[in-house]
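To start, the structure itself, in structure tokens.
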Amino acid sequence: MRIRTKMYLGYILLIVLPFLFFALFSYVQLYERMLTQYQLANQQNLEQTASNLDSSLAKLESLTSIYQNNAALIDFLQGGFVDDRDLIYSYLKEINPAFSFAYLADPLVQNFTVYPKYQKRLLEAPGFQNYRDIGRFLTPDEIGELRPAQGLWKQSFDPAAPALSYFQKLYSNSYITDLGIIQISVDPAMLDQFVSALTQVHPDNAIMVLDRQGKMVSYVTNTKLSDEQIRSIIQLFGNESLGGSLADHDRLLINSVHIPKLGLTIIEVNKRAALFQFLRVKQLWVACGLALLALLSALYFWIVSSLTKRIVRLSRHMRRVEPEFLNNPVKGKAGKDEIGFLITNYNEMISRMDELVNHVQKVEMLKKEADFKMLQAQIQPHFLYNTLETMRMLARSNKDYKVAEMALSLGNLFRYSLSKSEHTTLRDELDHVGTYIAIHQIRMSDLEVELQVEETLLSLPCPRFILQPLVENSMIHGLSRNRGSKRITLRIERKHGYVWIEVADNGSGISEQQIKFLQRLLEGSITKHESQHKTTGIGLSNVAERVKAYYGKESSLGIISTPGKETVCCLKLLLKEEYSNAQTTDCG
């Protein structure tokens, strides 16, 4: 990942995302707080409006006390007037003015009616009706519920004839006998004014009115609510007021208040989207914050680009640096900061490298010229092979077969030794050892060689020259000082997943001190200081190292010797899946 991408990604992860997360968290918290405050304000407004309505109802209820305390009216209802002239005089002087006062006391009063329970003489006069007519408005149970100083409000939301009335009994002075019922008919616009007061605050709200049984008796709305939403709201509230709550998956804000005098529950429904008009100022702040973030991001990207541009230019130049490109420094303004310091020193470095490369090239050319002259003085391998072949042919023509055979073996030995291949097989290695022994047998006629080989193992890949050093070690250090018969035994066999190669001789053996030295040398624990003073075992240690590198660390070379009797060099080669996993290069 490039440095510019890393800096951009770091800015996004460390600055932009935390900023957006914090802004979103703050916005959610602010929104929830505003929602709570908004709904609380709606509830307070609804309760205040309901309180005003309740006060108006209480004011209308208080008018009944005027008639309960009107002595002339109470006397009439109790039958206290025997003479009609006294009754008419009292009606005109005290009763009728009291009726007129009701209309003046509150403009909402539409009608004032008294239903005498026992008297029938003034039924034709304004303000009086037959007691039986009260059944049009009240049921017997509702009449029975009327108590002293406790009335009953009745309302009808019939669009054709809406009505709102208050009923209360009139009693004797001792409040023992009820004398009749008084009805105050109020203008139904009183409830319309209540609803209008709510819609003035929230023009798009919906007002639902539920009766004592929890049934909707009126629905005033400017908002489209589905029937399912209306049913869920009615089911939620019934005839109780739950204050403020949420409905329809929190998309509707519900406020409610109960009016005990009328037995009604008023429900105000606002859509949650209406809250956003109160958040316009807050949204403006959010927009300003995002604009500021964009401005700061642009400034940051400009700074990052000014820094990374020079770094990228330097990086691209470094990728193209080759010997023929060294005299081409980084172009452009370097600057005086740390990056400029790097570019300046880099240009000086490649300039110096260009000088050194030119010097090295001159030295290399002189060296190649010297090597060429040296090679001219050397005998080429083909010339050597041809010379040995000529000697062999001359020996055969002179019937000197031993010399011919020796020249042939020596030629094969040179070809194997000068081959450029780094690996071979056990078969080729064994043939090379046979050639090597054949040359020595010409000189040592009493040398015997015994081979015990499993033919299936001869195709095993192996490094070059792992057998010849072992045989050479037996001849030089073991058999050279033996005056009797000389014998070398070479065994190749398979044991427990390994290939065991043993080279045994019947020579003079090796001393115990020398064996310990060789074991330390083969294990790699001998110090350089010790190895510099002894040359014995160098070929063996080389074989041990190359075998471990080729077959694995589980492979090894060991030496067992009995002084004056024999010496055995044993190669232990790890055999992996019928040679398929064996390495094909000599790592040594």
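The values are calculated or read from the model by the stated rules, or taken from the named source; none is laboratory data. Just so you know, these numbers come straight off a predicted model, no measurement behind them. No Cβ is skipped: glycine too gets one built from the backbone with ideal geometry, and neighbour counts run over all protein chains shown. The area values use the complete protein model at the heavy-atom level, side chains included, leaving out ligands, DNA and RNA. Shrake-Rupley method; radii C 1.70, N 1.55, O 1.52, S 1.80 Å.
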Rg/Rh ratio calculated on Cα atoms of the stretch 107-213 (Kirkwood radius)
1.06
Could you give the semi-axes, largest first, of the ellipsoid that matches the stretch 30-171, computed as the square roots of 5 times the alpha carbon gyration tensor eigenvalues and rounded to whole Å?
40, 16, 13
On full extension of the chain, what length is gained from residue 515 through residue 86, given 0.36 nm per residue of separation minus the C-alpha to C-alpha distance?
138.5 nm
Beta carbons within 10 angstrom, averaged per residue: use that to sort the peptides 443-450, 183-190, 566-573, highest first.
566-573, 183-190, 443-450
With the calculation restricted to Cα positions, what are the radius of gyration and Dmax of the stretch 411-521 in angstrom?
14.9, 39
List the residues whose amide H sits under 5 Å from the amide H of residue 170, counting only those 5 or more places along or on another chain, with H placed 1.01 Å from N in the peptide plane.
179, 180, 181, 182
Check which residues have an amide H placed less than 5 Å from residue 486's amide H, if you skip close sequence neighbours.
448
Of 59/120; 486/548; 495/548, pairs whose Cα-Cα distance is over 27 Å:
59/120; 486/548
Assigning unit charges at the beta carbon (Lys, Arg +1; Asp, Glu -1) and nothing else, what dipole magnitude in debye, to the nearest 20, does the stretch 423-558 show about its Cα centre?
420
Separation between the residue 292 and residue 399 pseudo-spin-labels, each 7 Å from Cα along Cα→Cβ, expressed in nm?
11.8
The long-range amide H neighbours of residue 400, using H built 1.01 Å from N in the peptide plane and a cut-off of under 5 Å, are none
Heavy-atom accessible area per residue, the stretch 47-124, 1.4 Å probe: how many Å²?
53
Rank by packing, highest mean first: peptides 287-293, 551-557, 36-42, with packing defined as the count of other Cβ atoms within 10 Å averaged across residues.
551-557, 36-42, 287-293
Using packing as a proxy for protection, rank 342-355, 64-77, 138-151 so that the peptide with the highest average count of other Cβ atoms within 10 Å comes first.
64-77, 342-355, 138-151
